[in-house]
Amino acid sequence: LVSDLTGFLRYQTEQAWAWEHQALTRARFCAGHQDIGRAFEDARIRILRMARDRGTLLEEILAMRHKMHEGHPNPTGLFDLKHDCGGMVDIEFMVQALVLGHAHVHASLTDNLGNIALLRRSAQLGLIPEGLAEQTADAYRHLWQHQHRIRLSGASSARVPAGLMASERQAVESLWSVVFADAPATTRSLAQIRQRTG
């Protein structure tokens, strides 16, 4: 898919869903003319800094997270380091929710620094508790390291005994309850959300 910058901006500001903006929190210019790279980065920051209705944003992010859970079922008694509740994807979604929910006030959240640095920055800005941010950053590092080792061994998924990462999961789930405290009590599916707004 190729779009000119004007069309990209128009789509992102008028039609894109929260999950598309979640992807922009991690987007990087990687090749091409530097002028285009600078223009893309300016557009990315502008989009990330748009003010959003907090309840709507959190509901859309939760609906996408639910959809991802459905797409990566885990029928085992093991803990999937990436996809299960308390895993890496939950951390990534929390960081994206913090960026999209607060970048209109805190421009430094648009810096493409990675999840650990953005958790720490969110704590420095007073958006999340510092202790939980550090615990979750450590959890992300441990989960990533274990996943990397398991994947290098040729395993098709990165799953470990449920108790092995209990403290990491607890940290992630505790921070999740803070980040999504203002989310609606009942989350509609993405299809239901689209019906109402589309």
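The values are calculated or read from the model by the stated rules, or taken from the named source; none is laboratory data. Computed from a predicted model, the values in this text were never measured in an experiment. Neighbour counts are summed over all protein chains in view; Cβ atoms, including those assigned to glycine, are modelled from backbone coordinates with ideal geometry. Heavy atoms of the whole protein, side chains included, go into the accessibility calculation; ligands, DNA and RNA do not. Shrake-Rupley method; radii C 1.70, N 1.55, O 1.52, S 1.80 Å.
Collect the residues in the stretch 38-57 that are touching a helix residue (DSSP H, G or I) at 6+ places or on another chain (Cβ under 9 Å) and under 19 Å from ILE193 (Cβ atoms), keeping them in residue-number order.
Selection gives MET50, ARG52, ARG54, THR56, LEU57.
Checking the conditions here, which among GLU70, GLU60 is over 14 Å from GLU168 (Cβ atoms) and in contact with a helix residue (DSSP H, G or I) (Cβ under 7 Å, 6 or more places away or on another chain)?
GLU60
Can you pull out every residue in the stretch 109-118 that is in contact with a helix residue (DSSP H, G or I) (Cβ under 6 Å, 6 or more places away or on another chain), farther than 17 Å from VAL179 by Cβ and without any contact (Cβ under 8 Å) to a residue 60 or more places away in the chain?
Passing the criteria: none in range.
Mind checking which residues of the stretch 172-192 are over 22 Å from HIS102 (Cα atoms) and either among the polar types (S, T, N, Q) or part of a helix (DSSP H, G or I) (or both)?
THR186, SER189, LEU190, ALA191, GLN192 - these are the residues of the stretch 172-192 that are over 22 Å from HIS102 (Cα atoms) and either among the polar types (S, T, N, Q) or part of a helix (DSSP H, G or I) (or both).
Looking at the stretch 10-40, which of the residues that are acidic (Asp, Glu) and open to solvent by 60 Å² or more (accessible area, probe 1.4 Å) is farthest from ALA181 (Cα to Cα)?
In this case the residue turns out to be ASP35.
In the stretch 161-186, how many residues are closer than 28 Å to GLU130 by Cα, touching a residue at least 40 places away in the same chain (Cβ under 8 Å) and out of contact with any Lys or Arg (no Cβ under 8 Å at 6 or more places or on another chain)?
16
Consider ARG49 carefully, then state whether it is open to solvent by 40 Å² or more (accessible area, probe 1.4 Å), within 29 Å of LEU5 (Cα to Cα) and modelled with pLDDT of 95 or more.
Here the answer is yes, as ARG49 does meet what is asked.
If you scan the stretch 147-171, which residues turn out to be more than 29 Å from LEU58 (Cβ to Cβ) and assigned to a helix (DSSP H, G or I)?
Across the stretch 147-171, the qualifying residues are HIS148, ARG149, ILE150, ARG151, LEU152, GLY163, LEU164.
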